[in-house]
Amino acid sequence: MSKAPTTQPSPGRAPVFGLVTPEDWYRIPLQPRERLEASVNALIKRQFAGVDDQPILRRKTEEQLLDTAGAGVEQGGVVLYLSFLEVGGIPLSASLLVSHLHRRFDGLDAVAALAGSGEVELTRLPAGRAARLVRRERTKQSRKLGSEFEDTIVEYFVPVPDRDEVLMLTFSTPLEPVADAMVGLFDAVAGTLRWQRTSKVEDNAGHNGEEEEGWASD
């Protein structure tokens, strides 16, 4: 979408979006900063409950989470999900960054410009038409952690109804050996995306067009 024309934010509030994610995916709101820090602090308390002898690890984990969330903010993110799902005692690491782009949806050509060696296609979700991009790369984070695997990244670009805006879902996993299964999970989560007018959910709506509780239906 980098070559698509940039537009000013449309007047009025955008429709609320809602997603269903696995129970073991932890949600971190990225705006405002106070909510981000409170959510990271709650996650650290949960993960280190009953562990009082690892202050250095705790501090490094908190710094890493704040860095990850901060990178999401720089990309226009409004909410970040981190997977703590385990199968057979093995953690299935994954993340989902939801971002708002103030750009018109120009279809396949605009998204294809980002694809490089990835795969890009037009598709349809219950929330409407979308572009889907799959790519694999050694990210800065994976190099920093010394991983020998490429991250698998699945991105969905979904037009916001009646606005010159796009909702971007960026799923990522470093688990190359089970990448196909993770992609299937990502597609299933993307398929739960729904829109609802803010007038119907104003009491429950969060910042930046995200529904706080449950998910929106057509």
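Observations, loosely collected:
- Yes/no for Val111 being at pLDDT below 90, closer than 28 Å to Asp67 by Cβ, in contact with a Phe, Trp or Tyr (Cβ under 8 Å, 6 or more places away or on another chain) and open to solvent by less than 50 Å² (accessible area, probe 1.4 Å): yes
- Among the residues of the range 31-90, those identified as among the hydrophobic types (A, V, I, L, M, F, W, C), surrounded by 14 or more Cβ atoms within 10 Å (Cβ to Cβ) and part of a loop (DSSP other than H, G, I, E, B) are Phe48, Phe84, Leu85.
- Contact annotation: residue pairs with Cβ atoms under 7 Å, 6 or more positions apart or on different chains, pairing a residue in the range 86-104 that is farther than 23 Å from Thr68 by Cβ with a partner that is among the hydrophobic types (A, V, I, L, M, F, W, C) and at pLDDT 75 or above, are Arg103/Val166.
- The set of residues in the range 36-53 being out of contact with any Gly (no Cβ under 9 Å at 6 or more places or on another chain), within 22 Å of Val78 (Cα to Cα) and not acidic (Asp, Glu) consists of Ala38, Ser39, Val40, Asn41, Ala42, Leu43, Ile44.
- Exactly one residue among Pro126, Pro161 is open to solvent by 30 Å² or more (accessible area, probe 1.4 Å), closer than 23 Å to Pro22 by Cβ and either under 16 Å from the mean Cα position of the chain (by Cα) or at pLDDT 85 or above (or both), and that residue is Pro126.
The values are calculated or read from the model by the stated rules, or taken from the named source; none is laboratory data. Just so we're clear, the structure is a prediction, and the values are computed from it rather than from any experiment. Note that we place each Cβ from the backbone using ideal geometry, even for glycine, and neighbour counts take in every protein chain shown. In case anyone asks, the SASA skips ligands and DNA or RNA and just uses the protein heavy atoms, side chains included. Shrake-Rupley method; radii C 1.70, N 1.55, O 1.52, S 1.80 Å.
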